[in-house]
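Let me begin by presenting the structure, written as C-alpha cells, before commenting on it.
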Amino acid sequence: MREILGRRLQRLRDRFQFLRPDPVQSNDSSALLDAALVCVTTWQWPVLPGVGRSGADGKRCACPDPDCAVPGAHPFDPGLLAATTDPRMVAWWWTNRPTAPVLMATGGTAPCAVSLPAGAAARALVRLDAQGMRLGPVVATPTRWALLVEPYSLERLGELLYAKDHVPSSLRFHGEGGYLLLPPSAASSGGQVRWEREPGAQPPARQPRARSARAQVPQAPAGSLWLPEIEAVVDALVEASSGAPGGGSRLAY
C-alpha cells in the first residue's frame, strides 16, 4: 500500500512540475506540496492553502487586516469551505502558491483537535503517557501544541465542558467549521510547525497493565488513522492548561 501511494505522489509531482513558475524551488516549498498531497491521499484530510505572508520582511499577513492575530496562518482566498481531498486541486494550489501554509479543515469526517500552550501540552502528554493513554498525532509550534482527536459535534463538546468547574482560556478547540495549521508550515508566532508525534507513529512503551488495557481497544481499519476521543484527553488538558502563565488569552498558533 505504501509503495502504491508513493508512486501516486511521485506521478502528481511530476505531472505538475512543468507548471512551477520557478524551475528552482526551495526544499521548504516542495515540502509543503508534498505534505498537502500526503494529507489528502494517505489520510483523506481536506486541506487548503493559508493566506501566507507579504511585505519586504515577510512578517505581515497577506490579508487586508493590518492587525491580523494569526498572520499568514488562516484561510482567506480560497475560504475554508474550499478545503478538498482532490489531489489535482491541491497540486494546482501549491504550484501557484508554493510557500502557502497547509491548513486542514477540522470536523466532519476529518480529525478535530484540542490545542494548548506548548509547556502545558508537554506536561499533559507526560501525564497521559503515564496513564497508558493511547494518543494520536500531535502538531507542535513554538508556542502551542494540538492533539488530534476523533471528530466531535459542538453539542457533544458543550455538554463535556459544561460539566467542568473551570475551562481555562488557554485551551482551544478546533472542531466543525475550524481549521488547524499543519507541518511544515511557518507558524504565525515564528518558527515552523512540526509533528511532535507523527501520524501513524507507534505510541510510547507502556507498563504491563496499560498494555493489557490497550489490547481491548478496537483496531482501526487498514489505511485509516486511529484517534482518541475527546473525553479521553480533556481532563488532563484542562488541568495542564489551568497552570499556563497568563491564562493563554493571546491568540497565537
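Of the trypsin sites (Lys or Arg not before Pro) found in region 57-129, those in coil by DSSP whose Cβ has at most 12 other Cβ atoms within 10 Å are LYS59. Under 11 Å from the Cβ of LEU171, count the other residues' Cβ atoms, weight Lys and Arg +1, Asp and Glu -1, and hand me the total. After counting each charged neighbour, the total is +2. Binning the C-alpha pair distances of region 74-199 at 10 Å intervals from 0 yields a P(r) profile of 12, 39, 36, 11, 2 %, listed from the shortest bin outward.
In the context of the full set of protein chains, region 47-164 has a per residue accessible area of 43 Å² (1.4 Å probe).
The values are calculated or read from the model by the stated rules, or taken from the named source; none is laboratory data. Bear in mind the structure is a predicted one, so any value in this text is a computation, not a measurement. Heads up, the Cβs are rebuilt from the backbone with ideal geometry, glycines too, and the neighbour counts pull from every protein chain shown. Accessible surface areas use protein heavy atoms only, side chains included; no ligands, DNA or RNA. Shrake-Rupley method; radii C 1.70, N 1.55, O 1.52, S 1.80 Å.
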